[in-house]
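Have a look at the structure below, then the notes.
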Amino acid sequence: MSDTKYNGWTNYETWRVNLEIFDGLDPYDHFSDDQETLADNLHDYLKDMATEIIESDGAKGLAHDYAMAFLQAVNWHEIARHMINDYAREE
């Protein structure tokens, strides 16, 4: 199996989605200050949010299928951990 890491992230897809969609997003704007609730649910929220962005574009067919396949490769837990850790460092 080849190493697919990209700029310190699991893969290119994870890096790109974090950079393009979630960079600078404060996780506590969407959840309470309860660390346990945030850690348990943030990854699902991020995946749903990115999927909604793709779906709201209205594109169908090949472009839509490629976009959805791209999202399947994203490590949502890694983005969630990164957001929580970034927020903790800022505090």
- Note on the structure: Within the stretch 63-80, restricting to residues that are without any contact (Cβ under 8 Å) to a residue 24 or more places away in the chain and either within 22 Å of P27 (Cβ to Cβ) or among the aliphatic types (A, V, I, L, M) (or both), the one that is surrounded by the most Cβ atoms within 10 Å (Cβ to Cβ) is A67
- Among the residues of the stretch 38-62, count how many are out of contact with any helix residue (DSSP H, G or I) (no Cβ under 7 Å at 6 or more places or on another chain), within 13 Å of P27 (Cα to Cα) and either of a type in the set (A, V, I, L, M) or part of a loop (DSSP other than H, G, I, E, B) (or both). 1
- Item | Residue check, Y87 among the aromatic types (F, W, Y), assigned to a helix (DSSP H, G or I) and farther than 15 Å from E13 by Cα | yes
- When the residues of the stretch 12-62 are filtered to those that are over 17 Å from I84 (Cβ atoms) and at pLDDT below 90, which remaining residue is surrounded by the fewest Cβ atoms within 10 Å (Cβ to Cβ)? G58
- Task: State all residues of the stretch 8-26 that are assigned to a helix (DSSP H, G or I), closer than 12 Å to W76 by Cβ and of a type in the set (S, T, Y); if no residue qualifies, say none.
- Result: T14
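The values are calculated or read from the model by the stated rules, or taken from the named source; none is laboratory data. The structure displayed is predicted, hence computed values, not measured ones. Every residue, glycine among them, receives a Cβ derived from its backbone with ideal geometry; neighbour counts consider all protein chains shown.
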